[in-house]
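The values are calculated or read from the model by the stated rules, or taken from the named source; none is laboratory data. These numbers were taken from a predicted model, which means no experiment stands behind them. Here Cβ is always computed from backbone atoms with ideal geometry, including for glycine, and neighbour counts include all displayed protein chains.
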């Protein structure tokens, strides 16, 4: 099949003239060519079937030219979708090939637009993708041409029409009007860069130390609490709750020669005893030292 991708010396005018050489096909010709390609691996049949629909790719690609991406790249991606459609087309389903291929062409171009339009992933769900490709059209229908945030009524109307949340509408609108920018770009007249004005949300050293102290305190409470359990309660609780791969009730019932329900009862009793022991120890610590507790002045509540 003829190469339909672009190179720097191959302009669109030449490409359009080239693809117009392929004649349009009748329904019967489409069916015949599809069967010859799929049944006999006839590449000449594939060339005619795909070539006759290259004009459809160019038409669809032009409808996505408003996203600022090279039209040649959009056409190339659409051609990939066209070839995939030819490989999967079932001539016995009764559809025209152009109808079937249109879905593949648009899907390929849309994936390219979503991937290339922004450094940050635009949408993951079908609803988000629909919002991305329809937001500008719906805004135009509502005569909302301003570049700033949408008013609440417009947000509500768009969300209802496209079946997405109002938050998604607001965020997508800001993405579309804002675009990407480098963190190394100048943010102020004094030459300061954007990256220097970003807040560090990591906890400070004092908070990190407090978190570690609290974690050590809770662990000590648990160690002491486990000491209040008998051997069987402690082993069952550890096997069920304190290991990376908990053992099953059936496995423990076989080890101890008791029923699964009995294992469950022992586990529940051990959890309650451990919880009570930890609460009592925490309360005693609070009584002895007003600064004790969870490190933030809150009553201790074991997980």
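Annotations
- Qualifying residue in the stretch 113-125 (condition: within 28 Å of residue 26 (Cβ to Cβ), in contact with a helix residue (DSSP H, G or I) (Cβ under 6 Å, 6 or more places away or on another chain), assigned to a helix (DSSP H, G or I) and modelled with pLDDT of 75 or more): no
- Verdict on residue 82 being crowded, with 19+ Cβ neighbours inside 10 Å, in contact with a helix residue (DSSP H, G or I) (Cβ under 6 Å, 6 or more places away or on another chain), at pLDDT 90 or above and more than 30 Å from residue 134 (Cβ to Cβ): no
- Neighbours by Cβ (under 9 Å, 6+ apart or cross-chain): first from the stretch 59-86, in contact (Cβ under 8 Å) with a residue 24 or more places away in the chain; second buried (at least 22 other Cβ atoms within 10 Å of the Cβ) and part of a loop (DSSP other than H, G, I, E, B): 82/53; 86/53
- Filtering the stretch 52-74 to residues that are in contact with a helix residue (DSSP H, G or I) (Cβ under 7 Å, 6 or more places away or on another chain) and closer than 14 Å to residue 101 by Cβ leaves 53, 54, 55, 56, 57, 58, 60, 61.
- The residues of the stretch 228-254 that are in contact (Cβ under 8 Å) with a residue 12 or more places away in the chain and either within 35 Å of the chain's Cα centre (by Cα) or assigned to a loop (DSSP other than H, G, I, E, B) (or both), listed by number, are 228, 229, 240, 241.
- Pick from the stretch 35-68, criterion at pLDDT 90 or above and part of a loop (DSSP other than H, G, I, E, B), ranking: surrounded by the most Cβ atoms within 10 Å (Cβ to Cβ): 53
- If you go through the stretch 265-280 and keep only what is surrounded by fewer than 17 Cβ atoms within 10 Å (Cβ to Cβ) and in contact (Cβ under 8 Å) with a residue 12 or more places away in the chain, you end up with 269, 271, 275, 279.
- The residues of the stretch 255-264 that are surrounded by 12 or more Cβ atoms within 10 Å (Cβ to Cβ) and assigned to a helix (DSSP H, G or I), listed by number, are 255, 256, 260, 262, 263, 264.
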